[in-house]
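Right, one structure below, let's go through it.
The values are calculated or read from the model by the stated rules, or taken from the named source; none is laboratory data. Keep in mind that what you see is a predicted model, and the values were worked out from it rather than measured. Glycine gets a Cβ as well: all are built from the backbone with ideal geometry, and neighbour counts include every protein chain shown.
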Amino acid sequence: MSALQEVTHIDNVRLGEDGKSVVILDQTQLPNRTIYETLRTAEELYTAIKTLQVRGAPAIGICAGYGLAALARQSAATDRAAFDRLLREQSDYLVSSRPTAVNLSWAARRMCALLDAHGDWTVPQMQDALEAEARAIHREDIEMCRAISEHGLSLLKEGDGILTHCNAGPLATSRYGTALGPIFLGTERGMHFRVFADETRPLLQGARLTSYELQKGGVDVTLICDNMASIVMKNGWINACFVGCDRVAANGDTANKIGTSGVAILAKYYGIPFYVLGPTSTIDMSCPTGADIRIEERDPEEIKTKFYAEPMALPEVKCYNPAFDVTDHSLIAGIITEKGICRPPFSQNLPTFFRERK
Ligand code: MRU
């Protein structure tokens, strides 16, 4: 395997050999340590998602799918009523770990829909069906990432400079990733790009994960602090911004990692196209606008002490630590999904696009 293939085949989430556990690559340990964790209980799964050991919208959906399959396999219930009740409770519990990325509830709902669809099946039959469904969610994500990468690559040319924020690569998804997918695919085909990766404060997904993936994959990557995006754009080094997404509302407003909307505003000012890349499982047509997206708020210690040898703020200082922000649809040049590129006006095109191409 080439260095690039090693990155695009990174084994970030899988069902354990016994079918009763989920094995994850602990993303909080990267880039310094490659440590796999085996998760067996609902509490362990919840904590792994909450603490970002497994993270990225599609990856947490895949983890929830495998998690529910593993919990179902462990179930001591002999009748379907008890089996279904427990699994639905466990599903609600996992979904409550992170509110913003819709892929988590999407995957959990898809798993639970099987319970309704096959009310007459035995517990062992349901256990097999749930495992098959979780594997299908994973397999489909691999296919979607590949298709997103092809569509995104159609917008790039040899030598382009691309700015990205947070991490929407293989670790956050399956194989190529979403925002990084076109870059990996183009590189595989012999193209060259210059990527600028925002470090992405406060949890440094850009520094710890994006620059790691791109560097290991042999892509020309330059790590910058978030407040340097303006200067690299002004220098004329950026031809396009490619970012991932955690939830796209019906009008095209898009939630992604905190700081994304600032990048979009800068891009607009400098006349640089700003693209959002994600699978249709991230589009939430039941959510009218970005104002309806719940934004996760996280522990202030992530700002004050995490990653520092000593605290960088007084313990009593007030902090505001939203994990995501919403980029207004007016700032987005296109939403790139596995089904193609949706252009503005999104209120008009997204529903048609979603319906016709489904
Ligand atoms: O808090 P995180 O690290 O899970 O946030 C992830 C992002 O914001 C990603 O850009 C998004 O989930 C898309 S991943 C393909």
Residue in the range 135-149 that is within 12 Å of the ligand (Cβ to nearest atom), buried (at least 19 other Cβ atoms within 10 Å of the Cβ), touching a residue at least 40 places away in the same chain (Cβ under 8 Å) and within 18 Å of Pro273 (Cβ to Cβ) present: yes
The listed residue being surrounded by fewer than 15 Cβ atoms within 10 Å (Cβ to Cβ), free of Cβ contacts under 8 Å to residues at least 60 places away in the same chain, within 16 Å of the ligand (Cβ to nearest atom) and farther than 30 Å from Gly186 by Cα, out of Ser96, Ser105: Ser96
Unmet criterion (only one of (1) part of a helix (DSSP H, G or I); (2) crowded, with 24+ Cβ neighbours inside 10 Å; (3) touching a helix residue (DSSP H, G or I) at 6+ places or on another chain (Cβ under 6 Å)) for Ser174: (1)
In the range 197-251, residue surrounded by the most Cβ atoms within 10 Å (Cβ to Cβ) [restricted to those that are on the phi > 0 side of the Ramachandran plot and either away from the ligand (no atom under 16 Å from the Cβ) or at pLDDT below 95 (or both)]: Gly218
Residues of the range 280-305 satisfying the condition of being farther than 22 Å from Thr178 by Cβ and either touching a Phe, Trp or Tyr at 6+ places or on another chain (Cβ under 6 Å) or charged (D, E, K, R) (or both): Asp292, Glu297, Arg298, Asp299, Glu301, Glu302, Lys304
Qualifying positions in the range 291-336 - among the basic types (Lys, Arg) and either touching an Asp or Glu at 6+ places or on another chain (Cβ under 9 Å) or within 16 Å of the ligand (Cβ to nearest atom) (or both): Arg294, Arg298, Lys306
From Ala117, Ala136, Ala132, Ala147, residue being of a type in the set (Gly, Ala, Ser) and closer than 27 Å to Val195 by Cα: Ala147
Selection count, the range 252-276, where residues are part of a loop (DSSP other than H, G, I, E, B), free of Cβ contacts under 8 Å to residues at least 60 places away in the same chain and within 16 Å of the ligand (Cβ to nearest atom): 0
Residue satisfying condition, being acidic (Asp, Glu) and touching a helix residue (DSSP H, G or I) at 6+ places or on another chain (Cβ under 7 Å), within set Asp84, Asp18, Asp26, Asp79: Asp84
Flag for Asp325 being closer than 25 Å to Lys50 by Cβ, at pLDDT 95 or above, among the acidic types (Asp, Glu) and part of a loop (DSSP other than H, G, I, E, B): no
